[in-house]
Amino acid sequence: MTPRILQGKKDSYIILGRMNNGCGKNSVALGTTTSKKVFVKEPFIDGQQSFDYYYREMFVLENVRHPNLTALYDSDADGDYFLAMHHLEGQDVGDLLDDEEVLKPVVCAGILSQVCDGLSALHDAGFIHRDVKPSNVFLTNGRAVLIDFGLSYHPEIAHLDNDAVFGTPCYISPEQIFGREVTPASDVYSLGIMLYEMLVGKLPFNAKDTWTTLVQQVHAQLPNPSLENPAVPEKLSAVIFRATAKNLQSRIQTAQDFKNALLAAVSEVAKKYSACAPAF
């Protein structure tokens, strides 16, 4: 069988392996002239939603660059519709949680403080990610990289949105559920849920059906992380409560503020973080 080749602006790429997901076709490919391995995303040709994901991600990657955000390397040159991103070796936080179940506060701080740096760059450029979760944070050589911008919001691509709810039910903010205006604090909410899961080993809201999970995100009281796992310091639980406040105005407002609160709560991390690599 002849391997499929995609023609990009910088190089052409031989598809090495493919796996499908709900938003498009994902592949690992190799540059024919550079021998550079890349991660390729293509939209499903017959799906408008898939193309919307593709255009959102392309718009983000063409406008924002940061070490803690996945980077666009190349894109289609002849109408094949694909994005070639730098191939990352490692695992995502979801896989790490499958292996470890519960992470130490120092590890959580090392990972999420870097995610906050990436999010700050994203927010400064006017974007909201809208799908921050463990499987969208990739760990590679001591670096945490935020990936998957197919649900991202920006005023210039708002026309791609419709009446759908954008986000993952177990991590989505209340304002996203209601289709209200999203702000950097919407991503902070997801960070707070993610921190809870990393420290406790389970999600605070994860019902058997999606509707009940969404209702819990809007109305249910977040369980106290320090009661669910006594190893979680109360000050760290307080950060989670502030980050996941149902009322948008009562919530930690920016990724930088979340990072500052997180490192202050884990004071030992704050002392070591600038002197050593994160423990993952």
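The values are calculated or read from the model by the stated rules, or taken from the named source; none is laboratory data. These figures come from a predicted structure and were not determined experimentally. Note: ideal-geometry Cβ built from the backbone for every residue, glycine included; neighbour counts use all protein chains shown.
Observations on the model:
Listed here are the residues, each with its yes/no results for (1) under 25 Å from E100 (Cβ atoms); (2) in contact with a Lys or Arg (Cβ under 9 Å, 6 or more places away or on another chain); (3) of a type in the set (A, V, I, L, M); (4) at pLDDT 95 or above.
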position	(1), (2), (3), (4)
M198	yes, no, yes, yes
I240	yes, no, yes, yes
Q256	no, no, no, yes
A261	yes, yes, yes, yes
A264	yes, yes, yes, no
K271	yes, no, no, no
P278	yes, yes, no, no
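- Condition check for D117: surrounded by fewer than 17 Cβ atoms within 10 Å (Cβ to Cβ) and not β-branched (V, I, T): no
- The residues of segment 18-33 that are outside any strand (DSSP E or B) and modelled with pLDDT of 90 or more, listed by number, are T32, T33.
- Hits in segment 213-253 (condition: surrounded by 14 or more Cβ atoms within 10 Å (Cβ to Cβ) and hydroxyl-bearing (S, T, Y)): T213, S226, S237, T244
- Condition met for N162 (free of Cβ contacts under 8 Å to residues at least 60 places away in the same chain and either within 23 Å of K202 (Cβ to Cβ) or of a type in the set (D, E, K, R) (or both)): no
- Filter result (β-branched (V, I, T) and either buried (at least 21 other Cβ atoms within 10 Å of the Cβ) or not assigned by TED's automatic domain parsing to the domain that holds L262 (or both)) within segment 120-172: I128, V132, V137, V145, I172
- Checking each residue in segment 86-103 for being surrounded by fewer than 19 Cβ atoms within 10 Å (Cβ to Cβ) and touching a Phe, Trp or Tyr at 6+ places or on another chain (Cβ under 9 Å) picks out H86, H87, L88, G90, Q91.
- Of the residues examined, G150 is not one that is under 27 Å from R180 (Cα atoms), assigned to a loop (DSSP other than H, G, I, E, B) and more than 11 Å from the chain's Cα centre (by Cα).
- Residue match in segment 49-64 (condition: more than 21 Å from I157 (Cα to Cα), at pLDDT 90 or above and surrounded by 20 or more Cβ atoms within 10 Å (Cβ to Cβ)): no
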